[in-house]
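Asks: Before I ask anything, let me first share the structure, which is written out below as structure tokens.
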Amino acid sequence: MNRFGPAARIVLIVLLAAAVIGGGVAWFLHAYEKVEREIALPPRGEAGYNPLYALKKALQADGVKVESRQRLNLAAQQLGAHDTLLILNDPRTMTPVESRRLLEWVAGGGHLLVRTPLPAIHDEETGVPILEDIGIFLSDQSPECEPLQVEGQDGHIEFCSGRRFYFDEVEPELSWGDLQADYVYARLAHGKGHVDVLADFDFLTNKGSTDSGFLGMVKDDQSGGLRDGPHRALARQVLAPNYGQGTVHLVYAAQMPSLFRTVLTQGWPVWVPLALALLAWLWLRMQRFGPLRPSPPAERRSLLEHVRASGEHLFRYNKRALLYAAVRNSFLARLRRRDPVAAALSGEAQIGAIAERLDISADKIRTALQPPSSHDKPAFRDRISTLIQLRNRI
């Protein structure tokens with residue numbers, strides 16, 4: 001006999017299942033160790049479009065007042081006598097009026113930082129008014145890297161893709177380069193202020209940077225941007241003239257990714273299945289591989305041609321009586337529909353009624369209603385023609 005009832009069996013099964021689940025949980029907790037891992041997320045918000053966002057946050061962490069804008073607007077952007085203005089944009093976009101006003105502001109004590117533009121590839125080369133006004137001209141030398149060594153740091157190379165420049169009748173306070181290979185950095189005094197010209201600003205951009213601070217507060221656990229100690233030291237040197245005395249104005253060119261690139265890189269879960277579905281539909285709709293099948297033969301004759309051919313066949317083989325009977329019956333059928341009284345008559349009475357209705361001589365109608373001889377072709381044609389005329393006029 002079975003010693004356990006239905007309720008006891010259910011309880012036993014539940015206990016066994018709980019034991020198995022508990023054993024699995026215990027094994028998982030014993031075999032696996034909980035660890036933390038940091039994952040670098042893509043930048044969002046202002047960090048996604050402002051390439052100087054890391055510099056802005058680092059300066060703010062160092063107690064410096066910072067303002068950033070996408071474009072230079074001297075009418076709305078009030079520059080103080082001890083402010084610093086860094087223009088990341090191509091200086092060729094500035095108008096001569098803006099260039100003159102900026103140099104007037106620098107002469108009053110301001111500090112301007114600009115970069116040289118990249119070489120023009122398709123368009124004709126144009127000068128840079130603000131640089132030419134201070135005696136700096138662009139060089140045609142190919143870009144070359146400049147070594148940068150900071151005490152206690154690994155060696156670096158800078159300005160590998162920047163455009164070099166040279167001086168004309170000016171003496172810079174600081175310079176980096178030589179007369180043979182031209183220069184990548186120079187600081188020129190202009191009135192009470194200074195103008196710093198650099199081959200590029202790559203070391204100031206967001207490449208791997210954080211916003212933890214500026215002077216030694218950013219960790220060197222990654223390379224690129226202000227995370228590198230040499231980059232922070234170089235940034236501190238180029239910002240030195242008015243550092244901490246006024247506001248630092250950062251003018252950047254917004255770097256928004258193109259719509260096509262965004263769809264290509266982030267929208268693939270949508271467009272890849274759609275593309276596969278489109279290819280499958282095209283595969284189903286396309287013609288099969290192999291020789292082309294011949295086109296189906298087209299109809300060579302219309303219905304009227306078939307009727308005419310049939311009549312010619314009967315006429316040729318002395319079946320004219322059939323043709324005449326068909327035309328005569330067609331006429332009489334039309335007469336019964338249009339004039340039942342005349343159709344009910346017979347003989348001369350019918351012929352007279354038809355002649356009176358159609359205003360045709362009775363002899364012509366009488367001749368048309370009489371079958372022709374089988375060998376008299378002219379009479380056959382005349383009777384057929386008359387019957388068709390009578391039918392059409394009823």
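Asks: Put 265, 367 in order of accessible area, largest first, 1.4 Å probe: what do you get?
Replies: 265, 367
Asks: Stokes-Einstein at 10 °C, 1.306 mPa s, Kirkwood radius from Cα pairs: D for the range 29-80 in µm² s⁻¹?
Replies: The diffusion coefficient I find is 107 µm²/s.
Asks: OK, next. Run the reach check for residue 192 against aspartates and glutamates, Cα to Cα strictly under 16 Å, same-chain hits fewer than 8 apart removed. What comes back?
Replies: Cross-link targets: 83, 104, 171, 173.
Asks: Rolling a 1.4 angstrom probe over the protein chains, ignoring ligands and nucleic acids, what is the accessible area of residue 376 in square angstrom, nearest 10?
Replies: 60
Asks: Also, I was wondering about something else. Could you rank 95, 84 by how accessible they are, 1.4 Å probe, largest area first?
Replies: Result, largest first: 95, 84.
Asks: Then there's this: HN-Hα J couplings of the range 271-281 from phi, Karplus 6.51/-1.76/1.60, θ = phi - 60°, integer Hz, Gly and Pro as x?
Replies: 7, 5, x, 5, 5, 5, 5, 5, 5, 5, 5
Asks: Further question: How large is ³J(HN,Hα) for each residue in the range 355-363, as worked out from phi by the Karplus curve 6.51 cos²θ - 1.76 cosθ + 1.60 (θ = phi - 60°), to whole Hz, x for Gly and Pro?
Replies: The phi angles translate into 5, 5, 5, 9, 6, 10, 5, 5, 4 Hz.
Asks: Cα convex hull of the range 244-394: how many Å³ per residue?
Replies: 376
Asks: Whole number please: convex hull volume per residue of the Cα set in the chain, in Å³?
Replies: Measuring per residue, one finds 630 Å³ for the Cα hull of the chain.
Asks: Shifting gears a bit: Tell me the carbon and sulfur percent of the accessible area for the chain, rounded to whole percent, probe radius 1.4 Å.
Replies: 56
Asks: Bin width 10 Å, origin at 0, all Cα-Cα pairs of the range 1-156: what percent of pairs per bin?
Replies: 7, 20, 21, 15, 6, 6, 7, 7, 6, 3, 1, 0
Asks: May I pose another question? Reported to two decimal places, what Rg/Rh ratio describes the range 1-66 when computed on Cα atoms with Rh from the Kirkwood expression?
Replies: Reported Rg/Rh, Kirkwood definition of Rh: 1.61.
Asks: Amide H neighbours of residue 174 under 5 Å, at least 5 residues apart or on other chains, H built in the peptide plane: list them.
Replies: It is 187, by chain and number.
Asks: Relative to the present Cα-Cα distance, how much length would full extension add between residue 263 and residue 69 at 0.36 nm per residue of separation?
Replies: 67.1 nm
Asks: Check cross-link reach from residue 207 to the lysines: straight Cα distance under 25 Å, and skip same-chain residues fewer than eight apart.
Replies: 56, 57, 65, 219
The values are calculated or read from the model by the stated rules, or taken from the named source; none is laboratory data. Bear in mind the structure is a predicted one, so any value in this text is a computation, not a measurement. The accessibility values were calculated without ligands, DNA or RNA, using every heavy atom of the protein model including side chains. Shrake-Rupley method; radii C 1.70, N 1.55, O 1.52, S 1.80 Å.
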